Structure formats: structure tokens, C-alpha cells
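As C-alpha cells, the structure follows; a few thoughts come after it.
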Amino acid sequence: MMTIRSEKFYCFNENKSESVMQIDVDTRDELPEIDGISGRILHQGSTALIITEGKIAVLGGDGKWYINGEVIE
């Protein structure tokens, strides 16, 4: 399950709100794509708490999630 903890509007992009978000997910498999949340686009610097691992993932400018500088596959 994914929960949006906070959202800071950045701009509009293709009629969608582009935002920096803090989200919570149960597992890394639940990390969304940059356009994976309806009506929104995740912006670089968004973070996700992966609850089962106790780790924070950060969204890079390339649209990939990273933990400690390594891409999550």
C-alpha cells in the first residue's frame, strides 16, 4: 500500500501537477513510476520510506529510485 505523507507543488507538466512528495510504501515493489500516481508527476528529490526495510529511497532526475546512491532494480 502507498500513502502520500506530504506533497509540495512544483509546476504543471502536460496538464498534471508535478510535485516533490514524501510517500510511504510497504515494499520496494510498490515504488511508483514518475507518472504512477493518478493526476500527478513525481519530481526529482521525492522520497519514499520503504517500511519493511526501514530505508529511504530518493527519486533521481533520471526517473529511477535510489538507496545510498545505488539504483533500485
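The values are calculated or read from the model by the stated rules, or taken from the named source; none is laboratory data. Because the structure is predicted, anything quoted here is derived from the model rather than measured. No Cβ is skipped: glycine too gets one built from the backbone with ideal geometry, and neighbour counts run over all protein chains shown. Ligands, DNA and RNA are stripped out before the accessible areas are found, and what is left, the full protein with its side chains, is counted by its heavy atoms. Shrake-Rupley method; radii C 1.70, N 1.55, O 1.52, S 1.80 Å.
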Pop out the carbon and sulfur fraction of the accessible area of the chain as a percent, whole number, probe 1.4 Å.
48
Can you tell me how much longer the chain between D29 and E53 gets when fully stretched, taken as 0.36 nm per residue apart minus their C-alpha distance, in nm with one decimal?
7.5 nm
With +1 on the Cβ of every Lys and Arg and -1 on the Cβ of every Asp and Glu, and nothing else charged, how large is the dipole of the chain about its Cα centre, in debye rounded to the nearest 20?
280
Can you spot the lysines whose alpha carbon is less than 17 Å from K8's alpha carbon? Ignore those fewer than 8 places along the same chain.
K16
Could you work out the Kirkwood radius for the chain, taking every pair of different alpha carbons, averaging 1/r and inverting it, reported in Å?
12.1
